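Working notes, structure below.
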Amino acid sequence: MRITFYGHACLGIQIDDVHIVVDPFITGNPKAAHIDINAIKADYILLTHAHQDHILDVETIAKRTNAVIVSNYEIATHYGAKGFQFHPMNHGGSWDFEFGIIKYVPAIHTSSFPDGSYGGQPGGFVIEGERKNIYIAGDTALTMDMKLIPLRTKLDLAILPIGNNFTMDVDDAIIASDFVQCDKILGYHFDTFGYIEINHEEAKRKFFDANKDLMLLEIGNSIEL
Ligand code: NI
Ligand code: MN
């Protein structure tokens, strides 16, 4: 499994020859100006919730790639009504896709579309690939529900928001990584706007002091699991 950070909460995930894009927000992110969205491959687009900073580039990418949009019922059918391929889910449900199993799990946040219309309830994704399992928390507060994840899935990586203000901060993300029983963390949802700027060295040190490994990728860089 190869995971690429496209800035903010946008990820590329490659499992064998299947390409997944999560929460595409590239053209609206000045820090990701060097990323060419027309070069991003997508068989599936996963959306944690309907906020602008998670869906901005969905239609551009889906039009070109014909990717299947996977999200909660309200978001998935919103795109379905516009003619895109979609797969609706809801909290606690999972589905066996060609590349592995995706479970849509709760997040504590909100989920309106940019025009104010209802975007269902926000979530995160647990992806069980053939060899590796990951948790993408989405925008969320620290929540006790995270403790349910390791009852079913042994994670190899937890992707957690760490920017504070709209989501968990670093200290809560450390507790979250305890809750999901995973000491390898990719931080996201930080630095994009003023509200969520963080001190990278301090964040890494705090995780290190808790015997955990926080990775912060440069935009466009990847890790291999
Ligand atoms: Ni949000
Ligand atoms: Mn967000």
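How many Å² of accessible area per residue for the chain, probe 1.4 Å?
Details: 9860 Å² over 225 residues.
On a per-residue basis, the chain sits at 44 Å².
What shape does the range 2-224 have by the C-alpha gyration tensor, where a ≥ b ≥ c are the square roots of the eigenvalues, rounded means a/c under 1.5, and otherwise prolate means a/b greater than b/c and oblate the rest? Before the final figure, lay out the partial values.
Working: a/c = 1.42, a/b = 1.27, b/c = 1.12.
It comes out rounded by the Cα gyration axes.
Would you grab the residues whose amide H sits under 5 Å from the one on GLN85? Only those 5+ places off in sequence or on another chain, please, with H modelled 1.01 Å from N.
So GLN85 has HN proximity to ILE69.
Starting from the Cα-Cα distance between ASN90 and ASP156, subtract it from 0.36 nm times their residue separation and give me the gain in nm to one decimal.
On the way: separation 66, 0.36 × 66 = 23.76 nm, distance 2.36 nm.
Answer, rounded to one decimal: 21.4 nm.
Could you sort the peptides 67-76, 140-149, 91-100 by per-residue average Cβ neighbour count (10 Å cutoff), highest mean leading?
Numbers: 67-76: 23.4, 140-149: 18.0, 91-100: 14.7.
The packing order, highest mean first, is 67-76, 140-149, 91-100.
Expressed as a fraction of 2.2 N^0.38 Å, the rule-of-thumb size for a compact globular protein of N residues, what is the C-alpha radius of gyration of the range 1-110? All intermediate terms of the calculation are to be shown ahead of the outcome.
Numbers: Rg = 13.1 Å, N = 110, 2.2 N^0.38 = 13.1 Å.
For the range 1-110, the normalised Cα radius of gyration is 1.00.
How many percent of the accessible area of the range 2-224 is carbon or sulfur, using a 1.4 Å probe?
Carbon with sulfur: 47 percent of the solvent-accessible area.
Would you mind calculating the gained length between ARG205 and ASN221 on full extension (0.36 nm times residue separation, minus the Cα-Cα distance), in nm to one decimal?
Values: separation 16, 0.36 × 16 = 5.76 nm, distance 2.13 nm.
Full-extension gain reported as 3.6 nm.
Suppose the chain between THR27 and LYS41 were pulled fully straight at 0.36 nm per residue; how much longer would it get relative to their current alpha carbon spacing? Intermediate values should be presented prior to the final figure.
Numbers: separation 14, 0.36 × 14 = 5.04 nm, distance 1.58 nm.
Gain in length upon complete extension: 3.5 nm.
With springs connecting C-alpha atoms under 10 Å apart, model the chain as a Gaussian network and identify which of ALA33, ALA137, ALA158 has the largest mean-square fluctuation.
Of ALA33, ALA137, ALA158, the most mobile in the Gaussian network model is ALA33.
What's the FRET efficiency of PHE193 with THR60 using the Cβ-Cβ distance as r and R₀ = 30 Å, to the nearest 0.05? Write down the numbers at each step before the final one.
Values: r = 21 Å, r/R0 = 0.71.
Efficiency computed from Cβ-Cβ geometry: 0.90.
Tell me, what ³J(HN,Hα) does each residue in the range 134-144 have, in order and in whole Hz, if you take phi through Karplus 6.51 cos²θ - 1.76 cosθ + 1.60 with θ = phi - 60° and put x for Gly and Pro?
9, 10, 10, 6, x, 7, 7, 6, 4, 9, 4
Using 1/(1 + (r/R0)^6) with R0 = 35 angstrom and r between the beta carbons of MET144 and LYS82, what's the FRET efficiency to the nearest 0.05? Working shown, then result.
Working: r = 36 Å, r/R0 = 1.04.
Efficiency computed from Cβ-Cβ geometry: 0.45.
Kindly provide the helix-only [θ] at 222 nm of the chain, computed as the sum of -39,500 (n - 2.57) over DSSP H runs of four or more divided by all residues, to the nearest 500 deg cm²/dmol? Working shown, then result.
Values: 6 runs with 45 residues, N = 225.
Result for the chain: -5000 deg cm²/dmol, rounded to the nearest 500.
What nm value, rounded to one decimal, do you get for the distance between ASP17 and ASP178 when each label is placed 7 Å out toward the C-beta?
About 4.6 nm separates the two model spin labels.
Pull up the DSSP beta bridges for the chain and report the antiparallel fraction as a percent, rounded to 5. It would help to have the intermediate numbers written out before the result.
On the way: 27 of 47 bridges.
Percentage antiparallel, nearest 5: 55.
The values are calculated or read from the model by the stated rules, or taken from the named source; none is laboratory data. From a predicted model like this one, the values you see are computed outputs, not experimental measurements. Glycine also receives a Cβ, built like all others from the backbone with ideal geometry; neighbour counts cover every protein chain displayed. For accessibility, only protein heavy atoms count, side chains too; no ligands or nucleic acids. Shrake-Rupley method; radii C 1.70, N 1.55, O 1.52, S 1.80 Å.
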